[in-house]
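Please treat every number below as a calculation from the coordinates, not as lab data. All values reported here derive from a predicted model rather than from experimental measurement. Cβ placement follows ideal geometry from the backbone for every residue including glycine, while neighbour counts extend to all protein chains displayed.
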Amino acid sequence: MVNLLHLVSESEVKAIISGISQCLVQGGRCVIYGPFMRNGVLTSSGDKAFHQSLIEADPDIGYKDDAWMLGLFQKHKLETVKVLEMPANNLAFVLEKSHIRQPKA
């Protein structure tokens with residue numbers, strides 16, 4: 001389970017997701033958990049305050065957008081099995097390494 005993506009830059013998120021994809025065997029699963037924007041929107045005043053404090057400390061970090069994450073997963077052949085609403089406005093993305101489809105004969 002990964003819960004740190006709000007504390008690293010987008011380039012570091014890309015490297016983490018790429019690494020997860022490379023390490024998982026076909027059908028292997030991973031959970032990405034944490035605070036995310038929903039379609040570019042922060043969902044609560046607490047999220048807004050926390051995100052603001054993060055970007056004030058380091059402008060390269062902060063909440064990532066859920067749609068951006070879904071696209072990144074797909075790019076790295078990680079199928080989104082479920083997206084779960086979690087406590088404290090967090091999301092959990094359940095991911096599975098895509099199976100290589102055999103060409104039809």
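Look at the alpha carbon pairs under 8 Å that are at least 6 residues apart: their mean separation over the length of region 5-97 gives a relative contact order of 40 percent. Once the Kirkwood radius over Cα pairs is known for region 27-105, the Stokes-Einstein relation at 37 °C and 0.692 mPa s delivers a diffusion coefficient of 235 µm²/s.
Other residues with beta-carbon under 12 Å from the beta-carbon of GLU96 carry, at +1 per Lys or Arg and -1 per Asp or Glu, a net charge of +3.
Which of the peptides 63-71, 84-92 is most tightly packed, and how do the rest follow, going by the mean number of other Cβ atoms within 10 Å of each residue?
63-71, 84-92
Residue exposure proxy: SER44, SER21, SER98, ordered by other Cβ atoms within 10 angstrom of their Cβ from fewest to most, comes out as SER44, SER98, SER21. Coupling constants for region 37-47 follow from the phi torsions by the Karplus curve (6.51 cos²θ - 1.76 cosθ + 1.60, θ = phi - 60°), and in residue order they are 6, 10, 6, x, 10, 7, 8, 8, 5, x, 5 Hz; glycine and proline get x. Taking the charge dipole of the chain about its Cα centre, with +1 at Lys and Arg Cβ atoms and -1 at Asp and Glu Cβ atoms, the residue from VAL31, SER45, LEU91 reaching farthest to the positive side is VAL31.
If you take the alpha carbon atoms of region 1-56 and fit the smallest convex hull around them, that volume is 93 Å³ per residue. In sequence order, region 51-57 has phi-based couplings of 4, 4, 5, 5, 6, 5, 6 Hz under the Karplus curve 6.51 cos²θ - 1.76 cosθ + 1.60, θ = phi - 60°, and Gly or Pro positions carry x.
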